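Here the structure is laid out as structure tokens; the discussion comes afterwards.
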Amino acid sequence: MRRILHIDMDAFFAAVEQKRHPELIGKPVVIGGSGDPTQRGVVSTASYEARKFGIHSALPLRTAYKLCPEAVFLPVDYEEYSRVSAEVKNILREFSPVMEDVGIDEAFLDISESAEPSEEISKKIKEKIKAELDITCSIGIAPNKLLAKIASDLKKPDGLTIINETDIEKIIWPLAVRKLWGVGPKTEAHLKSININTIGALAVMPLEKLTEHFGPSYGNYLYEASKGVDESPLVTHWEPKSSSRETTFQRDTDDWQTIARTLAGLTKEVSEDLKHSGYAGKTVTVKIRFDDFKTYTRAKTMAEFTDSNEVIRKAAFESLSRIKLEKKVRLIGVRVSGLKKTQGKA
Ligand code: TTP
Ligand code: MG
């Protein structure tokens, strides 16, 4: 039996802000857009204190302001959150090398190989994150990713929830179908129309009925997922899909020499990146953004995979020649996609 943890940080962006501005601890804090609630923009997240007023992710900032004018509104500082996120992931890797990085504030950890009980490991992870970063997380423990992800959400914030296979009926089945990974608002509405509101109601549906409504692939997924079945492994390494570089000119330019020299420099960098990572690609795309922000791309697909600067440069200039340079250029970029591992480096 596998032992999988899902770790999800509590009110992540807000928690990072409260940590670096301790005067905000215990206060309603709303992170979103430029941080000005009179401007357009949506809430990225809200501290648990702010959630009591009905404020949540994706709500317009102006609505959030109406719900709680005394809340502290702050702009999104991705750089800082990414930095803290990387520190969290580093702590997690100390507990197991098998980690799947799911997003800025969540990850799966496979601890099947560890001798220690899952609960002990989870407590240690929580303690270490609290001690080193002074923020809290919620952890779900289960035999697979699907159940671990549901579990981490059940006792937020600062929760620790264990779901065993024998708990599926009791814990999972009463939950709304929306709690199942891969069930979005569309599927939720479809299921509702055929009178299925809980995961338990989904679990008693015959497979034929589900494939009839949702097709063979998704129907089968729902059939298994509703019973807590999920064999999917952790994805610890993502294959790159493309390699690209772009640059914004200090001053918008229509000088051909400058544009050509910059493009040649970018193709050289992309070619070096590809060689360095051991990939070759087939399609070269050039992007031009003019001073009015209108953006154009042109692509050329080659007969062979390549990481050669000369070949990529030639294809890039061919693509560029298909964009009419009638205004000043603000930005130029080049991307090589359709990648595969080069021989000998696989
Ligand atoms: P979540 O984990 O969904 O939310 P959270 O960490 O703020 O709160 P909790 O997990 O305790 O319920 O998302 C993680 C971060 O991603 C969140 O802090 C901000 C960002 N985010 C957005 O920018 N927009 C969104 O719509 C959502 C849902 C999250
Ligand atoms: Mg979170």
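Considering the range 269-302, and only residues there that are over 18 Å from Leu339 (Cβ atoms) and either touching a helix residue (DSSP H, G or I) at 6+ places or on another chain (Cβ under 9 Å) or not assigned by TED's automatic domain parsing to the domain that holds Lys327 (or both), the residue that is least open to solvent (accessible area, probe 1.4 Å) turns out to be Ile288. Scan the range 1-15 for residues that are more than 8 Å from ligand 1 (Cβ to nearest atom) and modelled with pLDDT of 95 or more and the total you get is 6. Screening Leu59 on (1) over 20 Å from Pro157 (Cα atoms); (2) surrounded by 14 or more Cβ atoms within 10 Å (Cβ to Cβ); (3) more than 11 Å from ligand 1 (Cβ to nearest atom); (4) at pLDDT 95 or above shows it passes everything except condition (3).
Scanning the range 244-259 for residues that are over 34 Å from the mean Cα position of the chain (by Cα) and free of Cβ contacts under 8 Å to residues at least 60 places away in the same chain yields Asp255, Gln257, Thr258. Answer yes or no as to whether Leu154 is assigned to a loop (DSSP other than H, G, I, E, B), under 22 Å from the mean Cα position of the chain (by Cα) and on the phi < 0 side of the Ramachandran plot. Judged against the criteria, Leu154 is a match.
For Ser82, the conditions (1) open to solvent by less than 60 Å² (accessible area, probe 1.4 Å); (2) under 23 Å from Leu154 (Cα atoms) are fulfilled apart from (2).
Mind checking which residues of the range 244-264 are exposed (fewer than 14 other Cβ atoms within 10 Å of the Cβ) and outside any strand (DSSP E or B)? Matches in the range 244-264: Asp254, Asp255, Trp256, Gln257, Ala260, Arg261. With respect to the conditions (1) within 28 Å of the chain's Cα centre (by Cα); (2) within 19 Å of Phe305 (Cβ to Cβ), Phe293 lacks only one, and its number is (2). When you look at Gly41, is it on the phi > 0 side of the Ramachandran plot and buried (at least 17 other Cβ atoms within 10 Å of the Cβ), yes or no? Against the criterion (on the phi > 0 side of the Ramachandran plot and buried (at least 17 other Cβ atoms within 10 Å of the Cβ)), Gly41 qualifies. Considering the range 155-173, the residues that are touching a residue at least 40 places away in the same chain (Cβ under 8 Å) and within 16 Å of ligand 1 (Cβ to nearest atom) include one that is surrounded by the fewest Cβ atoms within 10 Å (Cβ to Cβ), namely Asp158. In this structure, Gly103 qualifies as at pLDDT below 95, within 30 Å of Pro143 (Cβ to Cβ) and within 16 Å of ligand 1 (Cβ to nearest atom).
The values are calculated or read from the model by the stated rules, or taken from the named source; none is laboratory data. All values derive from a computational prediction rather than experimental measurement. Backbone-built Cβ (ideal geometry, glycine too); neighbour counts: all protein chains shown. Just the protein is used for accessible areas: all its heavy atoms, side chains included, with ligands, DNA and RNA removed. Shrake-Rupley method; radii C 1.70, N 1.55, O 1.52, S 1.80 Å.
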